[in-house]
Amino acid sequence: MAFSTNMQAYFVDRFYRRLRERFSERQTMGALTTAFHQYVFQRGSRAAQRAVRDGAPLDFEHYQKYREVVSTEEMKREDGPGRSERDLSPELYEGRIYDCTTHRLFRQLDSPEQVEQFFCKHIDSMNVRSFNPDIPYWVESTLYDADVCLHRSPNPGCPAETDIGARMPDAPPFPYLLANQFYSMSQVIEAIFGLPGREICQAVQSDFIARYGQADWNQIARYQGADFNLYYPLGLKNRGTGERE
């Protein structure tokens, strides 16, 4: 089936559930937070590396330009309709999301409140801070408990007419980001819990295949062994992924 941006949320739901089968709520959320931070930090850092390479400043405008998630037309069809709006001035960025595929998936999965809140409050704020920790950004409410998912960043310094929806053409393909998420989170969880952690990660992989199919998993698994600390495609070189420049 086609890839969808909400697959990131599916991984978080499954890691939580599989961890919770064996460990306390405190350990589960601690491991989830630590592992998820590893993934998101790598994403933001890679975006920053590309910006610095090109001589661009690490500011709000270039965070938007170099961020890695770029939806293909196929992904947009799979994600389905969404509804959002945003206001931008040099003094304030405000994004308001009223309907999105991630919230719909969490409700379909009946994910616990803490899982949806964790993902929706931190996926963007962590990503911004890993691009540049001096950029303030936070999520004030989510669709779990409000009518709007409200994002704010004060003093972005961008004129109102700045196109913050434009992305650089060298962003990695989405299966690469899912590989980054699964393998980086798995590495941390196995480091924390040893063999039980490895078994949890194997169970999450099986869950993904059962839902989305072996063909989609194969597109993710081809990036196993990539160095996710380096921007795409540098992290593929000599890592056994089968891809070369």
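Annotations
- Condition met for Leu178 (in a loop (DSSP other than H, G, I, E, B) and in contact (Cβ under 8 Å) with a residue 24 or more places away in the chain): no
- Output for region 17-39, where each listed residue is closer than 12 Å to Gly197 by Cα, in a helix (DSSP H, G or I) and open to solvent by less than 50 Å² (accessible area, probe 1.4 Å): Leu19, Thr28, Ala31, Leu32, Ala35
- Residue list for region 214-240, filter: surrounded by fewer than 19 Cβ atoms within 10 Å (Cβ to Cβ) and either assigned to a loop (DSSP other than H, G, I, E, B) or among the basic types (Lys, Arg) (or both): Arg222, Gln224, Gly225, Asp227, Asn229, Leu230, Pro233, Lys237, Asn238, Arg239, Gly240
- Of the criteria (1) in a loop (DSSP other than H, G, I, E, B); (2) touching a Pro at 6+ places or on another chain (Cβ under 9 Å); (3) within 14 Å of Ser130 (Cα to Cα), which one Leu58 fails: (2)
- Enumeration of residues in region 188-240 that are modelled with pLDDT under 95, farther than 17 Å from Pro172 by Cβ and of a type in the set (D, E, K, R): none
- In the set (1) at pLDDT below 95; (2) surrounded by 22 or more Cβ atoms within 10 Å (Cβ to Cβ), the condition left unmet by Tyr66 is number (1).
Residue-wise test of (1) over 28 Å from Asp227 (Cα atoms); (2) of a type outside the set (Gly, Ala, Ser).
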| site | (1), (2) |
| --- | --- |
| Leu58 | no, yes |
| Pro112 | yes, yes |
| Met126 | no, yes |
| Val139 | yes, yes |
| Ala146 | yes, no |
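- Given (1) surrounded by fewer than 16 Cβ atoms within 10 Å (Cβ to Cβ); (2) without any contact (Cβ under 8 Å) to a residue 12 or more places away in the chain; (3) within 19 Å of Arg17 (Cβ to Cβ), index of the condition Arg211 fails: (2)
- Considering region 88-170, the qualifying strands (runs of 3 or more DSSP E), each wholly inside and each with 1 or more residues that are basic (Lys, Arg) and in contact (Cβ under 8 Å) with a residue 60 or more places away in the chain, run over 149-154.
- Residue that is nearest to the chain's Cα centre (by Cα), among those in region 69-87 that are surrounded by 15 or more Cβ atoms within 10 Å (Cβ to Cβ) and free of Cβ contacts under 8 Å to residues at least 40 places away in the same chain: Lys76
- The one condition in (1) closer than 26 Å to Ala160 by Cβ; (2) more than 18 Å from the chain's Cα centre (by Cα) that Tyr63 fails to fulfil: (2)
The values are calculated or read from the model by the stated rules, or taken from the named source; none is laboratory data. Predicted model, so just to flag it, every value in this text is computed and none were measured. As a convention, Cβ positions derive from the backbone with ideal geometry for all residues, glycine included, and neighbour counts pool all protein chains shown. Heavy atoms of the whole protein, side chains included, go into the accessibility calculation; ligands, DNA and RNA do not. Shrake-Rupley method; radii C 1.70, N 1.55, O 1.52, S 1.80 Å.
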